[in-house]
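The values are calculated or read from the model by the stated rules, or taken from the named source; none is laboratory data. The structure presented is a predicted model; accordingly, all values stated were derived computationally and were not measured. Reconstructed Cβ throughout: ideal geometry from the backbone, glycine too, with neighbour counts over all protein chains shown.
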Amino acid sequence: MYRRFLKSFAIALLLHATGFGQSAQALGDVARANREKLAAQEAAGTMPRVITNKDLPADPRQVQEASASQPMTMVSGVNRSFSGRSSEQRSAEQSLAERRAGEQWRGRIQAQESMIADLQARIDQMNALMHPAGGSAQYEGPYNRYQARQMQRVAQMQEKLDQQRRRLNMMQEAARRAGMHTSVYDP
């Protein structure tokens, strides 16, 4: 009885779903409506221009470029020449850009330093847990497998710490070469 109910339910659902497909708009009606819309746009004169590959020049050297004597900037869709700004505005913008660059360098370097400090603290903590405070200096090797694994982890972490320190040195050198003040790369 349950199977018969499921079959009849599935058939009813299928018949109902096919009814939705029949109420859709015919393709000819859609094409006619589209043609009427295009004709109305042409009559109103608001036809958008479509640019195709045929409209583009075959040789990219034919495209006119701005000359070097008149540099242009694009700000919110409006071309403005640099000559319209005063030297005070240009120097203020330049100092603002330098300050932002310095803040970015400082943030990256401080993040790297905190990563190094965190890694060093984890290494110190693992070393303190492995070696007892009153242990003898005669035997520095592991006492069991757990300590052997911990020593391997510490060695891997030490290698990672060395890599991070080299990376910090490279970042500081790059900041120095970029002309940043010592407060940026050596806080």
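Scanning segment 88-132 for residues that are without any contact (Cβ under 8 Å) to a residue 60 or more places away in the chain and small (Gly, Ala, Ser) turns up 91, 92, 95, 97, 107, 111, 114, 117, 121, 128.
For segment 21-72, residues that are in contact with a Ser or Thr (Cβ under 8 Å, 6 or more places away or on another chain) and either at pLDDT 75 or above or not in a loop (DSSP other than H, G, I, E, B) (or both) total 1. Residues that are modelled with pLDDT of 80 or more, surrounded by 11 or more Cβ atoms within 10 Å (Cβ to Cβ) and under 24 Å from residue 118 (Cβ atoms) within segment 130-154 comprise 147, 149, 150, 151, 152, 153, 154, listed in sequence order. If only residues of segment 155-182 that are assigned to a loop (DSSP other than H, G, I, E, B) and surrounded by 11 or more Cβ atoms within 10 Å (Cβ to Cβ) are counted, the one that is nearest to the chain's Cα centre (by Cα) is 178.
For residue 17, indicate whether it is assigned to a helix (DSSP H, G or I) and modelled with pLDDT of 75 or more. Considered against the rule, which asks whether it is assigned to a helix (DSSP H, G or I) and modelled with pLDDT of 75 or more, residue 17 comes out as no.
Being exposed (fewer than 10 other Cβ atoms within 10 Å of the Cβ), modelled with pLDDT of 75 or more and over 30 Å from residue 175 (Cα atoms) is a condition met by no residue of segment 87-101.
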